[in-house]
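Structure record follows, encoded as structure tokens.
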Amino acid sequence: MDYDPMVMDDAEAMGPVVKISQADSVRVKYQLANADISFANSLRRVMLAEIPTLAIDLVEIEENSSVLADEFVAHRLGLIPLNSEGVDSMFFSRDCDCDSTCERCTVTLTLHAKCTGDENMHVFARDLVPTSERINSVLGNPIISDPDGLGPLILKLRPGQEVKLVCIAKKGIAKEHAKWAPSAAIGFEYDPHNKLHHIDLWYEQDAKAEWPPSEYAEWEEPPQEGEPFDYDAVPNRFYFNVESAGSLPPDVIVSEGIKVIQQKLAGLIHELSEGDGGDGMNGDYGGPRSPEYATGADGFGGYTTPFGNGGNQSSWGGAGGTTPYGTTPYGGGQSSWS
């Protein structure tokens, strides 16, 4: 790719720029430019752990004569990706005012299989059947992407064995459990030529031969021979490779990640501006203060500390403080141990 300084200067004036290099039903690759590394990494972490999806959370087993224990079957069911289109319209079960389950916070799926033949029977994700009312016709359907249309294998049944159960799928995020993770993996890279020297490449003979450049090396100009090191340089191009686990398309994962960051920032601004009825942006914030917001003569917010005794009494005592344990470095109390 040719580097045009004028184009980059114009882009920097516009703010962050996204360029997509690949997009399909499984992954999306894109470049995020003119952004800070903290924002880029925040987006990566949010896409991994804070985008809501739908996953099986409770399993009521009525019959299980297979060789797998109930807990084992429930764990396998929880990891089956479910279609999460429209999950934003659902409530978290802890926020819903229903008695136990309803179409606003859960999706119910049933599984009933019995091996009546002479050969072992395979039970797949396609055998999970949504039975409850849903926000739309696809929410909660097992994701089936294999050519045979079977989905992940749940268990195997020998002749005469049976499994009958009810699954309750709920909305959640991967911070609570990995089964709610929307992405299988997210590749994150910057500075493919290591111009910033953030990576110390270990090698035996030749670093260039033993560390082949990544696919993104063609997106940036390589370092010139004898080029001086720029100590003030910072990364401003970041390359993402977002792979979906199936519950959400990869492009939706990216857009939802940005949406979650916006919601978190809006919540922070709201807390600062509306906390305790005051306008925190105008200096009326009534929450905890750092030491630089000093009001006492000692410069520590008016609290008595080991470094001064002006203002309020601290939990350690001030000059002449009494404790049950006698004299301490923080007070002058007396006891039988003094």
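The values are calculated or read from the model by the stated rules, or taken from the named source; none is laboratory data. What you are looking at is a predicted structure, and each value in this text was computed from that prediction instead of being measured. Reconstructed Cβ throughout: ideal geometry from the backbone, glycine too, with neighbour counts over all protein chains shown. Only protein heavy atoms, including side chains, enter the accessible area calculation; ligands, DNA and RNA are left aside. Shrake-Rupley method; radii C 1.70, N 1.55, O 1.52, S 1.80 Å.
Highest mean first, what order results for 96-107, 171-182 on Cβ atoms within 10 Å?
Ranked from most to least packed, the peptides come out as 171-182, 96-107.
Give me the Debye-computed log₁₀ of I(q)/I(0) at q = 0.14, 0.16, 0.18, 0.24 Å⁻¹ for region 94-169, equal point scatterers on Cα only, no solvent, two decimals.
Those come out to -0.55, -0.68, -0.79, -1.09, one per q.
Near C167, within a Cβ-to-Cβ distance under 13 Å, what is the net charge of the other residues, with Lys and Arg +1 and Asp and Glu -1?
The answer is -1.
Once you have the Cα-Cα distance between S21 and K195, take 0.36 nm times their residue separation minus that, and quote the gain in nm to one decimal.
So the extension gain works out to 60.4 nm.
Reported to two decimal places, what Rg/Rh ratio describes region 39-134 when computed on Cα atoms with Rh from the Kirkwood expression?
1.05
Among residues other than S38 whose Cβ falls under 13 Å from its Cβ, what is the net charge (Lys/Arg +1, Asp/Glu -1)?
+1
Give the separation of the Cα centroids, region 110-173 to region 91-106, in Å.
Computed from Cα coordinates, the inter-centre distance equals 23 Å.
Take the cross-link list K114/K175; K19/K170; K171/K259; K175/K259 and give me the ones stretching past 25 Å between alpha-carbons.
Too far apart for the 25 Å limit: K114/K175; K19/K170.
Tell me which of H75, M90, I56 sits at the most positive position along the dipole axis of region 1-138, charges placed on C-beta atoms (Lys, Arg +1; Asp, Glu -1).
Looking along the dipole axis, the top candidate is H75.
For the residue pair L272 and A209, what label-to-label distance in nm results when each label sits 7 Å from Cα along the Cα-to-beta-carbon direction?
The modelled label-to-label distance comes out at 5.4 nm.
Under 14 Å from the Cβ of Q263, count the other residues' Cβ atoms, weight Lys and Arg +1, Asp and Glu -1, and hand me the total.
Local net charge: -2.
With a 1.4 Å probe and every protein chain kept in, tell me what percent of the accessible surface of region 83-205 is carbon plus sulfur.
45
Whole Å is fine, so just give me how far the alpha carbon centre of region 192-232 lies from that of region 14-70.
So the separation of the two Cα centres works out to 30 Å.
Binning every alpha carbon pair distance of region 127-199 at 10 Å from zero, what are the percents per bin?
All Cα pairs, binned at 10 Å, distribute as 12, 29, 29, 14, 10, 5, 1 percent.
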